[in-house]
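A short write-up of the structure that comes next.
The values are calculated or read from the model by the stated rules, or taken from the named source; none is laboratory data. Bear in mind the structure is a predicted one, so any value in this text is a computation, not a measurement. Positions of Cβ are backbone-derived with ideal geometry, glycine not excepted, and every protein chain shown enters the neighbour counts.
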Amino acid sequence: MKKCHWFFKVCFLTFVCLLGDGCSRIKWVYRFSDWIIQRRIEANFDLNAIQEKALEQSMRKYKIWHQKQMLPQYVLFLRRLKERVGERPLNSDQVRTKRKEMENLIRETVLPWAKHSLTLYLSLNEKQVATYKEKTEKRWKKRLREIKESTPQKLSLERVEKIFDFMNINLTSKQKFIVKNHVEKDPFRFRASVERRREWSQKVIDCLHLSEGKELCLRNHFMYWDKKRTLDSEVFRKKIDELISKIINSFDDKQVAELQRRLEEWGSDFEDLSQLE
């Protein structure tokens with residue numbers, strides 16, 4: 001009954017959102033993000049009533065902090081990015097500077113939640129840890145099967161196309177050629193990415209099985225995840241910076257205007273959300 005209740009709630013909220021003229025995708029997702037994330041976490045761990053209540057309180061505290069502390073920073077970042085896009089040409093170093101700025105925002109966003117997560121993980125019993133392991137393994141196996149059934153080049157191309165579709169930017173034939181040529185030579189390492197994430201989950205499980213030092217093990221793992229990036233991963237990111245600079249420099253005035261409009265729209269959405277009570 002409980003699972004049916006939240007399913008119908010999602011359907012109802014979606015219906016209300018579709019009727020509302022001012023309900024943008026970002027605003028809708030953010031307003032119900034804590035509830036949606038909580039449902040997904042509960043499904044992964046099969047939490048009991050006490051854990052669910054604690055998780056709900058943690059999510060509420062975190063979202064209030066995020067709304068007041070992080071959203072204004074997102075607004076500033078998006079508006080600075082909008083100005084930068086209009087100052088073409090861009091070189092890969094300038095793109096990299098913006099990427100680093102974005103990564104710093106992500107780190108600021110994630111670290112406080114890592115502290116909340118620590119409490120949740122430490123509350124898990126052996127059966128819940130086993131359930132977590134079983135469900136994560138099932139997810140990784142499914143993802144690896146999807147990767148095996150395609151090619152890194154095809155998956156990379158689909159990923160880039162989805163990004164531009166989301167921004168409502170239609171790439172020209174020349175721009176599509178630039179993207180295709182790039183992913184043919186240097187596709188995203190999907191398998192390696194899944195394996196790294198899989199290792200991350202396994203490390204969590206290993207920490208949870210410790211009889212002593214469990215909290216310290218988890219804390220070090222959660223707090224310093226971004227320090228574990230490989231040299232190969234950073235080299236790949238630099239090549240993506242080069243691709244982004246090439247694509248943006250090839251934009252015509254209409255494409256630049258659409259990108260700036262979208263960035264301004266997102267900035268305005270975040271600004272509105274930051275002021276909600």
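Residue 75 falls short on exactly one of the conditions (1) more than 29 Å from residue 60 (Cβ to Cβ); (2) part of a helix (DSSP H, G or I), and that condition is (1). Taken over the range 144-170, the criterion of being hydrophobic (A, V, I, L, M, F, W, C) and touching a residue at least 12 places away in the same chain (Cβ under 8 Å) is satisfied by 144, 147, 155, 157, 160, 167, 169.
Pairs are defined by a Cβ separation below 9 Å, a sequence spacing of at least 6 or placement on different chains, a first member in the range 104-130 that is in contact (Cβ under 8 Å) with a residue 40 or more places away in the chain, and a second member that is crowded, with 16+ Cβ neighbours inside 10 Å and not in a helix (DSSP H, G or I); the pairs so defined are 120/47; 123/47; 124/47; 128/47.
For the range 119-154, the tally of residues that are within 21 Å of the chain's Cα centre (by Cα) and either modelled with pLDDT under 90 or more than 15 Å from residue 55 (Cα to Cα) (or both) stands at 14.
For the range 171-181, the set of residues classified as charged (D, E, K, R), farther than 21 Å from residue 235 by Cα and in contact (Cβ under 8 Å) with a residue 12 or more places away in the chain consists of 174 only. Taking the range 78-107 as the range and being assigned to a helix (DSSP H, G or I) and basic (Lys, Arg) as the test, the residues that pass are 79, 80, 82, 84, 96, 98, 99, 100, 107. Please verify whether residue 153 is in a helix (DSSP H, G or I), surrounded by 15 or more Cβ atoms within 10 Å (Cβ to Cβ) and in contact with a Pro (Cβ under 8 Å, 6 or more places away or on another chain), treating the condition exactly as stated. Yes: the conditions hold for residue 153. Which count do you get for residues in the range 103-116 that are hydrophobic (A, V, I, L, M, F, W, C), under 16 Å from residue 71 (Cβ atoms) and surrounded by 13 or more Cβ atoms within 10 Å (Cβ to Cβ)? The qualifying residues number 3. Evaluate the following for residue 189: is it within 25 Å of residue 252 (Cβ to Cβ) and within 20 Å of the chain's Cα centre (by Cα)? Criteria not met by residue 189. Restricting the range 24-64 to residues that are among the polar types (S, T, N, Q) and in a helix (DSSP H, G or I), the residue that is nearest to the chain's Cα centre (by Cα) is 33.
Of all residues in the range 182-199, those that are part of a loop (DSSP other than H, G, I, E, B) and of a type in the set (Lys, Arg) have Cβ atoms under 9 Å from Cβ atoms of residues that are buried (at least 17 other Cβ atoms within 10 Å of the Cβ) and modelled with pLDDT of 90 or more, 6 or more apart or on another chain, in 189/152. Beta carbons closer than 6 Å, at least 6 apart along the sequence or on distinct chains, pair a first residue in the range 205-225 that is at pLDDT 85 or above with a second that is not in a helix (DSSP H, G or I) for 217/210. Applying the criterion of being among the aliphatic types (A, V, I, L, M) and part of a helix (DSSP H, G or I) to the residues of the range 108-126, the residue that is nearest to residue 209 (Cα to Cα) is 122.
Among the conditions (1) closer than 25 Å to residue 213 by Cα; (2) touching a residue at least 60 places away in the same chain (Cβ under 8 Å); (3) over 19 Å from the mean Cα position of the chain (by Cα), the only one that residue 85 does not satisfy is (1).
Return yes when residue 216 is more than 24 Å from residue 145 (Cα to Cα) and not in a helix (DSSP H, G or I) and no when it is not. No; evaluated as a whole, the condition is false for this residue.
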